[in-house]
Amino acid sequence: MKTVMTPMSRGARVGSFSELVRKIFLYHNNYLILICAFMLGNSGISAGLPVGAVFYAACCGNRGIRFLTAVAVFIGTLVQGSLETIYLNIAFMLLFSVLSVPLKNKASSKINLKASIVVFFSVLIPQMMLSALQGFLLYDILKAILSSFISFVLYFIFSFSLPVIAGISKKTIPDNEEIISTAVTAALVLSGMGMIQLVGFSIRNIICVLVLLLLSNKCGAGVGAASGAIIGLIISISAEATPSVAGTYALCGMLAGIFGKLGRIGTALGFIFGNMILAIYFNGTIESMLLLKEIMVAAVPFCFLPNSVINRLTSPFITDAAELEDRRGYSQRIRDITVERLMKFSKAFKDLSKTFEEIAGIGTPAEKRDINILFDTVADRICSDCSLCMHCWERNFYDTYQVMFQIVEKLEMKGRVEECDVPGYFLDMCPRINEFVNAVNNMYELFKVNIVWKSKLGESRIVISRQFEGMSRVITGLAREIGTDVSFLSPLEDAIAAALVKWNAKAREVIAYKNAWGKYEITIYHNSCGGARSCISIIEKVVSEVAGRRMVRENTGCNAGRNGTCLVKLVEAEDLKLTTAVSRLPKFGSNVSGDSFSFMNNGNGKYILALSDGMGSGHNAAVQSKATVDLLESFLESGFDKDMAINLVNSVLVLGSEEDVTCTIDMSIVDLFSGEVEFVKIGAAPTYIRREAKVDIIRSASLPAGILPGIDAELARRNAGSGDMIIMVTDGIIDSMAGEEAGDRQLMKHIQSIESLNPQEVADSILTQASSCCADKPCDDLTVLVAKIWKKPQ
């Protein structure tokens, strides 16, 4: 076989070289890191402190430019020219490279502490060797220990500032540690410029003033003063100037920030005023003030730089803390106002409930009062124009009243009275006995109708009272949920943002918190992938690894976020899943089943199975049961608790029709995390749990919904595991299988005999058995609902 070698074209070589340069110098701002390494190597802050080498140690995580960083530090120390500095930096880098080998392949949260300890000894050992050559003087030993401790601290400072310099900060909004560490690093870098001058101007002072003007203008007086103090302190140490220089920079930075509201010119004037104040106070001492000409030189580019450049330079330091605090304060006020108004609404509904309950109690028929009305009405219609009226109703009022009570007793016994039921002496005395008896019978009929309607009105008021009370409870619960402080997981947010950067899926914002049930919910705003959807699988995988929990998307799509971003919401995955099956058969001779069912995941880790049997069979029963199931589903999806939902459905059934409307309600609520099943039964048939070795039965003895204004549901709880089946049936199944033995016992034996593990086959088998027991002519609607629980694979 002949191998042909194709020479690389000149254009290809140029392209490869450009790609190499881009990866080495431009990727993650590597050029800035190398510049900082050179300047820190040249820093004259202390001959015994290898600042550049410590920076190299902090950069060791970036393997791509670790060697180049060491070279940049070495060149910087050569330019600085001190033999002691060259020795300490080279010895440190060699020693640290050897001692840190065990840490390279570890991903521990304590690696920074271990590396900082290595830094301490990497500085201490060369310093002690140097001290040994000089006779182990106490001063040299203390100096070595102090330098090691300062290097220990500097390692952490550089570790915090490097992500900001490289543009790969883990946090969407830098915190105080990153801001201060970056300012200290910048001051140390500037100290490495030494006393370089151009046409009589100090390049270091000009850059320091420009940096302070930028920070004061964009970040305010606080950041300006703090940055000025840091820069001034480090420069005073490195240039052997008086410490008052730190105060000069701090005061100028503070005044520049205060005047920053007037724009760039105001910032520059504030800086100049600060310097002039100190110049007058110190009588123009050069060491305590900055030269006005250098300030003016720095102010020129500051005033004319484009906004885009200034924003890019200062963006790592702008935390938007004030704006963020304002937003939080505004959100808190809105939340407090919302909670207050909801609580007022709740109180209003509670007051309405009490009012209707009191009215219902007042409006209850009072028998004695209604009997008096009956007597008065009969006397007014029949006796008012009779000649014996005064004799009967005034002179012999007591005797007439006793007669009326005797007639009422006969009415209650027989439903109506005849003339023979009237006492003889009253019968002989009354000239209008026929009209009197007819009037009493008519008024009694009206009286009974009136009692029935008053009773219904009272019941309706009680039902409405309970509905208002339920609404009050729901609104109170909503207000408390809104008023509850959300537990945000800031460390998790930062860790997710950092992990996504490694997968080139940088998130603009990450929001992670625990919901009311203690489960994680994470929302991520990230840059759009142009419809490729590759980001979705990456984000789900990365978030699950970082959170230590299996997270899944709440929906299958990628929603549009704000400012052209994509939004992905992830929730904690349930441990269990349900597979459901239904088998049903209408009553013989009917085409419509009066049974209705539903099953749904309410999104809170609960799976709900609902079954309802309407009164009777056919179309009317189907309408009743379907309305019951639909209302239950709507209420539960809207966040109503099960007790409130059942009472509202019962109220609708009680008030919804002039005819009696009743339905059974059978619910099984499965916790998809723990496997606990809650059974709610209102007039429903037994429910069965088929396990591997046995069958459990859950019974109830309660009235159906729609009979009484109030309802008390029977609750039962059981634990279910993977492989268990929940079997719900209507009473038609139980009645059809009844024979020598009760129907529920027969059904339990049949369930035990079924070998299939398929829920649909189990449902079909039960329905076939029930239908065959009644010669395929069922006397009632037959419905079987089966749900199999199984554990999701991890």
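The values are calculated or read from the model by the stated rules, or taken from the named source; none is laboratory data. Source: prediction; values computed, not measured. Heads up, the Cβs are rebuilt from the backbone with ideal geometry, glycines too, and the neighbour counts pull from every protein chain shown. Accessible surface areas use protein heavy atoms only, side chains included; no ligands, DNA or RNA. Shrake-Rupley method; radii C 1.70, N 1.55, O 1.52, S 1.80 Å.
For region 607-627, which residues satisfy the criterion of being surrounded by fewer than 19 Cβ atoms within 10 Å (Cβ to Cβ) and more than 17 Å from ILE665 (Cβ to Cβ)?
Scanning region 607-627 gives GLY618, HIS619, ASN620.
Condition check: open to solvent by 20 Å² or more (accessible area, probe 1.4 Å), over 27 Å from SER756 (Cβ atoms) and not in a strand (DSSP E or B). Does ALA645 satisfy that?
Working: open to solvent by 20 Å² or more (accessible area, probe 1.4 Å): no; over 27 Å from SER756 (Cβ atoms): yes; not in a strand (DSSP E or B): yes.
In short, no.
Out of all the residues in region 494-524, which are open to solvent by 30 Å² or more (accessible area, probe 1.4 Å) and either part of a helix (DSSP H, G or I) or more than 19 Å from ARG549 (Cβ to Cβ) (or both)?
Within region 494-524, ASP494, ALA495, VAL501, LYS502, ASN504, LYS506, ARG508, GLU509 meet the criteria.
Looking at (1) at pLDDT 75 or above; (2) within 15 Å of the chain's Cα centre (by Cα); (3) open to solvent by 70 Å² or more (accessible area, probe 1.4 Å), which is the only condition THR484 fails?
For THR484, the exception is condition (1).
Among the numbered criteria (1) open to solvent by less than 30 Å² (accessible area, probe 1.4 Å); (2) part of a loop (DSSP other than H, G, I, E, B), which one does TYR688 miss?
(2)
Restricting attention to region 551-580, and to residues there that are of a type in the set (Ser, Thr, Tyr) and modelled with pLDDT under 80, which single residue is surrounded by the most Cβ atoms within 10 Å (Cβ to Cβ)? Reasoning before the result, please.
Step one: filter region 551-580 for residues of a type in the set (Ser, Thr, Tyr), giving 556, 565, 579-580.
In the following step, the residues that additionally are modelled with pLDDT under 80 were identified as 556, 565.
Details: THR556: 8, THR565: 17.
Among those that are of a type in the set (Ser, Thr, Tyr) and modelled with pLDDT under 80, it is THR565.
Quick one: which of PHE673, PHE597, PHE588 is at pLDDT 85 or above and either in contact with a Cys (Cβ under 9 Å, 6 or more places away or on another chain) or not aromatic (Phe, Trp, Tyr) (or both)?
Sole residue among the options that is at pLDDT 85 or above and either in contact with a Cys (Cβ under 9 Å, 6 or more places away or on another chain) or not aromatic (Phe, Trp, Tyr) (or both): PHE588.
Looking only at region 670-685, which residues are open to solvent by 20 Å² or more (accessible area, probe 1.4 Å) and either in contact with a Leu (Cβ under 8 Å, 6 or more places away or on another chain) or in a strand (DSSP E or B) (or both)?
Selection gives ASP671, PHE673, GLU676, GLU678, GLY683.
Please specify each residue of region 757-794 satisfying the condition of being in contact with a helix residue (DSSP H, G or I) (Cβ under 6 Å, 6 or more places away or on another chain), closer than 30 Å to VAL552 by Cα and open to solvent by less than 40 Å² (accessible area, probe 1.4 Å).
Scanning region 757-794 gives a single hit, VAL786.
Name the residue that is surrounded by the most Cβ atoms within 10 Å (Cβ to Cβ), counting only residues in region 715-751 that are of a type in the set (S, T, N, Q) and touching a residue at least 60 places away in the same chain (Cβ under 8 Å). Even if it seems obvious, please write down each step before you answer.
Here is the first cut: in region 715-751, the residues of a type in the set (S, T, N, Q) are 719, 722, 730, 736, 746.
Still in the list and also touching a residue at least 60 places away in the same chain (Cβ under 8 Å): 722, 730.
Details: SER722: 13, THR730: 28.
Going through the qualifying residues, I end up with THR730.
How about region 248-350: which helices (runs of 4 or more DSSP H) wholly inside it have at least 3 residues that are open to solvent by less than 70 Å² (accessible area, probe 1.4 Å) and at pLDDT 75 or above? Even if it seems obvious, please write down each step before you answer.
Working: elements: 264-281, 292-304, 307-314.
Output list reads 264-281, 292-304.
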